[in-house]
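In what follows, a single structure is set out as structure tokens and then discussed.
The values are calculated or read from the model by the stated rules, or taken from the named source; none is laboratory data. Just so you know, these numbers come straight off a predicted model, no measurement behind them. As a convention, Cβ positions derive from the backbone with ideal geometry for all residues, glycine included, and neighbour counts pool all protein chains shown. Protein only, heavy atoms only, side chains kept; ligands, DNA and RNA dropped before computing areas. Shrake-Rupley method; radii C 1.70, N 1.55, O 1.52, S 1.80 Å.
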Amino acid sequence: MKICVIGTGYVGLVSGACFADLGNTVLCVDKNVDKIEMLNNNQIPIYEPGLEELVKKNYLSGRLKFTSNLNLSVKNSDIIFICVGTPTHKKSNSADLKYVFKAASEISASINKFKIIITKSTVPVSTGDKIEKIILKKKRKRLFEVVSNPEFLREGEAIRDFRFPDRIIVGSNNKKVVKKIKSLYEPLIKKGANFFYTNRRSAELIKYASNAFLATKISFINEIANICEALGADIKEVAVGMGSDPRIGEAFLDAGIGYGGSCFPKDVKALAHMASEKGRHPQLLHSVMDINADARLKVVHMLKENLGQSLNDKTIGLLGLAFKPNTDDMREAPSIEIALRLIECGANVRAYDPVAIPSARRIMPDIFYAENPYELATNCDALVVVTEWNEFKQLDLEQILTSMRGNVIIDGRNIYSPEELYERGFVHRGIGRSYDTSTKS
Ligand SMILES: NC(=O)c1ccc[n+]([C@@H]2O[C@H](COP(=O)([O-])OP(=O)(O)OC[C@H]3O[C@@H](n4cnc5c(N)ncnc54)[C@H](O)[C@@H]3O)[C@@H](O)[C@H]2O)c1
């Protein structure tokens, strides 16, 4: 099939490359000409494992092309995926749809024959109706169909998630169009993906409800971690015991410094906003956000408890910057808020991340970035585990301790064994851990 993907970010680039790999002809469009130039020079603007090879292979085969010319790309395609960003609006908690509506208006000017226009971006319920209205200003209804097909891939696992999705949701009441989209996804359905079609508004809401549920699980386990600390239970043991019940499930029961990234924070906010706009009071969603805000700053309180209330002139090393491992995405990363709060307290902040330093430097140009964890540890009073990269789990802890001035590790992702760290001479604080080495002597 001939596909046009608008927006070559984390979703658009991965989807474009994967659709091309399934044998389709894909034109990837971005208004950011620097990105397009990079892609045409075999450079990948984002870090996503396996993406470089996949893009290269399909680019060389001629099935995957990159351009800034939306008009020609739409004209030459049957299916158009809108994959542009939907960040939080500057003036409210709603999703800002300016990129989506701009793309819709540009598409409308280029429709020359029947097109299926699909929102893969996460968009508030009824956005499909609004896109339809925009296009109707220029084109007749028989020339297009607007469909919702939310994307569930996770950064860091994006290619695998695209190839082996749990489910493919298509929101449309047009059976012919649903059939065509189903045939596009047929190779994935054959490998076991569930295919559901729903009405368009339900499909739009499924995405928000899914992300809000996962965020709720994270805030729930963080609430339980707080209770564990007060009652002397261990959150790791509690989570295993809870998660082995299939009605609960073990995923997303890792206590820590909370969720971040380009999706959960903005999507929970936008869902709460959608509900409030219609006169509903989404109490649970507000609690999820409050708990998450507290979880981020918990490590700062722990540092104060262990280094003294004044962090002035203390040197703190952040192990990890990206909002999660295997990505360089710094959007809403907890590391930003933690670093800024520490700087406000007068601390010297150092940081290391295997891939996110270039993105982090754009946001926080003034902190010191180390080349490796051992350089990071040099003269630090404390280290804080912010991102659970695998390489942090395998550190030579003896070398780390020798490099440090102090011996405190605040394990914001519970990657270390408190007992082991205690035996090696560290003061270890985890989230919801019963073996709190700060109280051992
Ligand atoms: N990142 C994820 O893990 C993820 C997962 C599922 C769904 N989503 C959703 O997918 C959407 C895209 O997310 P992302 O992380 O890929 O965003 P992104 O910011 O990485 O990429 C968006 C791209 O769209 C381009 N763009 C904007 N307007 C354009 C226009 N009119 N014409 C051409 N290009 C245009 C931008 O230049 C940018 O390159 C969002 O709605 C997001 O919520 C993201």
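Brief remarks on what is shown
- Over all pairs of different C-alpha atoms in the range 358-441, the reciprocal of the mean inverse distance, the Kirkwood hydrodynamic radius, equals 13.5 Å.
- The equivalent ellipsoid that matches the C-alpha gyration tensor of the range 92-150 spans semi-axes of 20, 12, 9 angstrom, in descending order.
- Surface composition of the chain: carbon plus sulfur atoms hold 50% of the accessible area, using a 1.4 angstrom probe and ignoring ligands, DNA and RNA.
- Computed over the range 232-388, Kirkwood Rh from alpha-carbon pairs, angstrom: 17.2
- Classification of the range 1-160 by its C-alpha gyration tensor yields an oblate form. The axis ratio a/c (a ≥ b ≥ c) is 1.5 or more, and b/c is at least a/b.
- Beta bridges from DSSP with both residues in the range 52-197: antiparallel share about 15 percent, rounded to the nearest 5.
- Around M1: net Lys/Arg minus Asp/Glu count, Cβ-Cβ under 9 Å: +1
- As computed over the chain, the Cα convex hull volume per residue (Å³): 153
- Across L340, L318, the residue with the most accessible area heads the list, and the full order at a 1.4 Å probe is L340, L318.
- When the P(r) is computed for the range 146-257, the part past 18 Å accounts for 62% of the Cα-Cα pairs.
- Summed side-chain charge close to Q43 - residues other than Q43 whose Cβ falls under 12 Å, Lys, Arg +1, Asp, Glu -1: -1
- Inter-label distance, nm, simple model (7 Å from Cα along the C-beta direction), E398/A275: 5.3
- Note on the chain: antiparallel DSSP beta bridges, both residues inside, total approximately 5 percent of the bridges counted.
- Inverse mean reciprocal Cα-Cα distance (Kirkwood Rh) of the range 308-385, Å: 12.3
- Peptide packing for 176-188, 404-416 was compared via the average number of neighbouring C-beta atoms within 10 Å per residue; ordered from the highest value, the list is 404-416, 176-188.
- Calculated FRET value between S126 and N40, using beta carbons and R₀ = 41 Å, to 0.05: 0.65
- Ordering L421, W389, I431 by Cα displacement along the dipole of the range 372-436 toward the positive end leaves I431 in first place; charges were set at the Cβ atoms of Lys, Arg (+1) and Asp, Glu (-1).
- Loop-located trypsin sites (Lys or Arg not before Pro) in the range 262-371 (DSSP state not H, G, I, E or B) with no more than 11 neighbouring Cβ atoms inside 10 Å: K278, R280.
- The calculated FRET efficiency for the pair K175 and A109, based on their C-beta separation and a Förster distance of 30 Å, comes to about 0.60.
- Loop-resident GluC sites (Glu not before Pro) (DSSP state other than H, G, I, E or B) in the range 127-156 with no more than 13 further Cβ atoms inside 10 Å of their Cβ are absent.
- Measuring r between the beta carbons of R163 and R201 and using R0 = 45 Å, the FRET efficiency lands at 0.95.
- Extension gain (nm, one decimal) between V240 and K57, 0.36 nm per residue minus Cα-Cα: 61.7 nm
- Rolling a 1.4 Å probe over the protein heavy atoms gives the chain an accessible area of 45 Å² per residue.
- Taking a point 7 Å out from the Cα of D78 in the direction of its Cβ, the residues of the range 1-38 whose backbone N falls within less than 11 Å of it are 1-3, 25.
- Amide H contacts for V408 (H built 1.01 Å from N in the peptide plane; partners 5 or more residues away or on another chain; cut-off under 5 Å): L383, V427.
- Ranking D129, D161 by solvent-accessible area of protein heavy atoms (1.4 Å probe, all protein chains present), from largest to smallest, gives D129, D161.
- Helical content of the chain, expressed as a calculated mean residue ellipticity at 222 nm, amounts to -14000 deg cm²/dmol (DSSP H runs of 4 or more residues, -39,500 (n - 2.57) each, divided by residue number, nearest 500).
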